[in-house]
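The values are calculated or read from the model by the stated rules, or taken from the named source; none is laboratory data. Here the structure is a predicted model, which means the values were calculated and not measured. Neighbour counts are summed over all protein chains in view; Cβ atoms, including those assigned to glycine, are modelled from backbone coordinates with ideal geometry.
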Amino acid sequence: MIKLSHHKVHFSNGSFSEFSENREKSPGGVSIARKILATHNAGDEANLKLRFDALASHDITFVNIIQTVKACGLEKFPVPYVLTNCHNSLCAVGGTINEDDHLFGLSAAVKYGGIYVPPHLAVIHSFMREQFAGCGKMILGSDSHTRYGALGTLAIGEGGGELAKQILGQTYDLAAPEVIAVHLNGKLRAGVGPQDVALAIIGAVFQNGFVKNKIMEFTGDGISHLSIDFRAGIDAMTTETACLSSVWQTDGAVKDFLTAHGRGSDYQKLEPEEGAVYDGLLEVDLSQIKPMIALPFHPSNVFTIDEFNANTGDILRDVEKSAEELGIKLKLTDKIGDERFKVDHAVIAGCAGGTFDNIIAAEKVLSSEKSAKFYNIPLSIYPGSQPILLELTRNGTVTRLLEQGVVVRTAFCGPCFGAGDVPANNGLSIRHTTRNFPNREGAKPSAGQGAGVALMDARSISATVKNNGLLTSAEGIEIPQTPYHFDDSPYRVRVYNGWGKADPSAPLRYGPNIADWPEIPTMRDSLLIKIVSYITDAITTTDELIPSGEISSFRSNPVGLAEFTLSRKDPAYVSKAKAVWDAAAQSNENEESDEKTQQDPIRFAIELELKKILRKVEILNHGYNLERPQVGSAIFAKKPGDGSAREQAASCQKVLGGIANFANEYATKRYRSNLINWGILPFVIEGEPFFKNGDYIYIRASDLDKPNWEAFHLSPDSNEVGFYSLKTPELTPIEKEIMRAGCLINYNRQRS
C-alpha cells in the first residue's frame, strides 16, 4: 500500500529510480518545490531567506501579531494579509472578548491595509484556497494547517513571530529543506475518501520521522483521478506528518478550479523537471487504500476500519492504557456491544472535512437507502465557507441533510480544537477534522471529564451514522461527482479588502481583554535556570503547553492567558514559575521577605532556596569568574511542540519568566521558531537529563556563539556541582541577536 525509500532518487520519464553518483555529475532538472523556493529566496541555495506572496492569520493569533508589529512602528502591511475569524467565532465562549478581537482585526485591516473576513464566513484555509492560492506562490500562515499545495502553492504554517518578521520586511530563514517525492499511482476503491489516504500516509511516516521538517512533493498518474477538493483534503493533513510543507504537480483540474474562482491567470503547469533529484520517496498505491480510523490520541494511531472491527477489544484496551498514562478517564471498551463497537457523536468540519465534495458525499451516503433513525447519534456538518454553503443550498443538498436529521452549521474551526460540538463524558466522537489530540473534543480531565476523538473520512462517518452508530466502513459505496459553481457574493458583500488602501489615521479598536505585551528583559551575561516542570510523555503537544478550547478566549491578554500555561499537564507549573520570577526580583533588590511572601509557601520556599543557590554561585565565582545571574525558569519535555503553530505555547512561558526549554528533540520547526522569537533557549539533550525537577543550571550568554554551552548543575539537595555540556540546534546570526535582545519585539525596537 505504502512504500518508503530512504535513499535519494531521481525523476525520469515519469518514474523514479535510485540516485547514482554518476547521475549527480551530469546536469539535471529541479523539483517543483525547489523551483518555487528559488523564486522566493533572497539568500543562497543552502541558507534560504524567503519572502512570501501573502500572509494569513485567524482570531487566535492575529491580535498578538498586530500588537507585536505595532510596537515596532508598523505603518502598513507590505503584502496582502488576510485576517479571518474562524476559531473563536462563538461569542458565547469568552463573552464579548471574542467580538472585541474581531473588531480589533477590522480596525487593523483599515489602518494597515489588510483583508478582513468576518466570523462564520469562511475557515481560514478555505478562504485562502478560494481567493489567494495559486501555482508557484508561497503563503505563510499563523496556523499549522496552512497547506495549499494542491493548487501548486508552497504554504507554511508558523508561529506569529515569523509573520511579524515578514510584515517588518525581514525574511523567513532556514537551511534548505530536503524534498521527499510522494508518488501516487492507481485508482481508489469506491467509498474511500481523502481522509483515508491522509491517515494511511500519516500512519506510515509520523513515528519514524520520515518527512519531519521536509517538503512533500506529490506526483504521479494517480493524481489525475482525484478532484481538487480530494487533493486539498489530503494536503491539509500533511501537517500531521510533521513535514514543513507540501506541494502537488498541477493539471487541467487545477486550471479549471482557479478559473471557476475568477483567478485563471494564477494557473501554471507545475511538474518535476527531467532528472530532478529527491531526498527520499514515498510510493502510495491508491488502489490498496481502505477506509481508515485514527484512534485517540494522535492522527498516526491508525487502523483500517476492517482491522479495528476485527480486533476491537485489544485495540481499545491499548487506547485506555494510553488515556490512563495521560491522566484521562476514558473507558471505550464499554461501547462494544453484541454487534460491534458503537460511537456516540459525529462531526464533519474544517479545512480538511468541510469541503464541497465531502459534504456531497456524506449526503449521498445518508440518502442512498432508507436509513435507520439515529436520534442518539448526532451529526453536525460545518461547510468550510459561505460560498460552499450557498452552493449546497442551491443544489438541494442542505435540504436533504436537514431531512436526515443532520445539523448544518456555519464555517467554524471549533470542532478541530475542542470549542464546538463537545460530546458527553466518556463519549467518543468520530470526526472528519484535523486532530484527535487529548482534549481536542473539549473535555476537562482536571474536572473529571474525559472523552475522545477518532478521525475518519466523511464517507465512513456517514455510513456509521446511518448504521445507528455502529462503526461502519463506506467501502464499496459509489458516489457520483457533483459539479460545483463558485459564487463569491458572500465575500463581495461582507469581506473588507483594504489591501493597498492603508489609512494611518484610523484608530485601532480595543476591548478590555486586549493588552500590550509586557516588558521583556534582555538576556544578561549569565543565566540561572530552575527546572520547574519535568514531563516524561513521549510527545507534548502545544495543546498541553497552552490549552486550546475556551481558554483561547484570553489569547489577546498575554498575562491573563499565561495563567493557564500547562494547566492540563502540570497544574503546579504556573505557581512555581511565578515564584521563581518573583523570588528573583526580590533577590535582586536584596530585601528580606515581606509578610505577603511568607504567607505564600511556594514563593517563600523558592526564595530561601534561591538565596542558598546564589551563595553557591558566589563561591564558584572565585574559580570560574561567574557573575550574578538573571534568574528564570525552564521546562523539560522529551519531545515538545507537536501540533498548533500558536506562539502562545512559548510566549506564555516567557511572560512567566521562562528562559529555556530542555528536550531530547523538538517536534516541529514552528515550535522551535516560537521559542527563539520569544527569547527562550531551545536546548537539546541526548538521553536522560543530568538534572531532575527543581534543580538549577547556570550558563553564560557568551556561549551563545560557541558550539556548546558550559553548564553548571546545582541541586538544592547537594553541595556538589556538576559540569556538563549543552547544545542548541544551530542558530542563525539573527536568531542569536533575537536571543540576546530577549525576544523579537526587543530586537526590532533596538534596530529601529
* To do: Could you identify the single residue in Lys3, Lys49 that is under 24 Å from the mean Cα position of the chain (by Cα) and surrounded by fewer than 22 Cβ atoms within 10 Å (Cβ to Cβ)?
  => Lys49
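Each row is one residue, and each column tells you yes or no for (1) hydrophobic (A, V, I, L, M, F, W, C); (2) in contact with a Pro (Cβ under 7 Å, 6 or more places away or on another chain); (3) assigned by TED's automatic domain parsing to the domain that holds Glu369; (4) not in a strand (DSSP E or B).
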site	(1), (2), (3), (4)
Asn425	no, no, yes, yes
Ser429	no, yes, yes, no
Pro438	no, no, yes, yes
Ala463	yes, no, yes, yes
Pro483	no, no, no, yes
Pro490	no, yes, no, yes
Val493	yes, no, no, yes
* Structure fact -> Exactly one of Leu281, Leu379 is in contact (Cβ under 8 Å) with a residue 40 or more places away in the chain and closer than 30 Å to Lys8 by Cβ, and that one is Leu281
* Structure fact -> Just one listed residue, out of Val655, Val721, Val684, is among the aliphatic types (A, V, I, L, M) and modelled with pLDDT under 90, and it is Val721
* Name the residues in segment 519-570 that are part of a strand (DSSP E or B), out of contact with any Asp or Glu (no Cβ under 6 Å at 6 or more places or on another chain) and not aliphatic (A, V, I, L, M), would you? -> Lys530, Tyr534, Thr540
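Would you point out which residue out of Gly450, Gly469 is over 25 Å from the mean Cα position of the chain (by Cα) and in contact (Cβ under 8 Å) with a residue 60 or more places away in the chain?
Checking each option against the conditions leaves just Gly469.
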* To do: Determine whether Ala506 is in contact with a Pro (Cβ under 9 Å, 6 or more places away or on another chain) and either surrounded by 14 or more Cβ atoms within 10 Å (Cβ to Cβ) or not in a loop (DSSP other than H, G, I, E, B) (or both).
  => no
* Structure fact -> The residue that is surrounded by the most Cβ atoms within 10 Å (Cβ to Cβ), considering only those in segment 152-188 that are of a type in the set (A, V, I, L, M) and within 20 Å of Pro733 (Cβ to Cβ), is Ala164
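Looking only at segment 723-734, count how many residues are assigned to a strand (DSSP E or B) and within 18 Å of Phe636 (Cα to Cα).
4
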* Look at Ala474 and say whether it is assigned to a loop (DSSP other than H, G, I, E, B), in contact with a Lys or Arg (Cβ under 9 Å, 6 or more places away or on another chain) and either over 30 Å from Val365 (Cβ atoms) or free of Cβ contacts under 8 Å to residues at least 12 places away in the same chain (or both). => no
* Structure fact -> Exactly one of Asp695, Asp705 is of a type in the set (Asp, Glu) and in contact (Cβ under 8 Å) with a residue 40 or more places away in the chain, and that one is Asp695
* Structure fact -> Per the filter on segment 36-60, residues among the acidic types (Asp, Glu) and touching a helix residue (DSSP H, G or I) at 6+ places or on another chain (Cβ under 9 Å) are Glu45, Asp59
* Asked: Restricting attention to segment 192-207, does a residue exist that is over 21 Å from the mean Cα position of the chain (by Cα) and surrounded by 24 or more Cβ atoms within 10 Å (Cβ to Cβ)?
  -> yes
* Structure fact -> Of the residues in segment 548-560, those that are closer than 21 Å to Val422 by Cβ and crowded, with 24+ Cβ neighbours inside 10 Å number 3
* Asked: Would a scan of segment 383-400 turn up a residue that is touching a Leu at 6+ places or on another chain (Cβ under 6 Å), in a loop (DSSP other than H, G, I, E, B) and in contact (Cβ under 8 Å) with a residue 40 or more places away in the chain?
  -> no
* To do: Among the residues of segment 244-263, write down those that are touching a Ser or Thr at 6+ places or on another chain (Cβ under 7 Å) and in a loop (DSSP other than H, G, I, E, B).
  => Gln249, Asp251
* Structure fact -> The residue from Leu168, Leu163, Leu154, Leu174 that alone is under 22 Å from Tyr747 (Cα atoms), under 18 Å from the mean Cα position of the chain (by Cα) and among the hydrophobic types (A, V, I, L, M, F, W, C) is Leu163
* Asked: Mind checking whether some residue in segment 341-353 is of a type outside the set (A, V, I, L, M), farther than 30 Å from Glu478 by Cβ, surrounded by fewer than 21 Cβ atoms within 10 Å (Cβ to Cβ) and at pLDDT 90 or above?
  -> no
* Please tell me if Gln207 is among the polar types (S, T, N, Q), over 21 Å from Val302 (Cα atoms) and assigned to a loop (DSSP other than H, G, I, E, B). => no
* Any chance segment 26-41 includes a residue that's hydrophobic (A, V, I, L, M, F, W, C), part of a helix (DSSP H, G or I), at pLDDT 90 or above and surrounded by fewer than 16 Cβ atoms within 10 Å (Cβ to Cβ)? -> yes
* Within segment 132-151, considering residues that are in a strand (DSSP E or B) and of a type outside the set (Val, Ile, Thr), the one nearest to Phe257 (Cα to Cα) -> Met138
* **segment 651-667, subset under 23 Å from Val63 (Cβ atoms) and within 19 Å of the chain's Cα centre (by Cα), residue surrounded by the fewest Cβ atoms within 10 Å (Cβ to Cβ)** => Cys652
* **Options Ile461, Ile514: the member that is surrounded by fewer than 22 Cβ atoms within 10 Å (Cβ to Cβ) and either modelled with pLDDT of 90 or more or within 27 Å of Phe127 (Cα to Cα) (or both)** => Ile514
* Ile680, sole failed condition from (1) surrounded by 23 or more Cβ atoms within 10 Å (Cβ to Cβ); (2) more than 26 Å from Ile551 (Cα to Cα) -> (2)
* Structure fact -> Of those in segment 223-243 that are among the hydrophobic types (A, V, I, L, M, F, W, C) and part of a loop (DSSP other than H, G, I, E, B), the residue modelled with the lowest pLDDT is Ala242
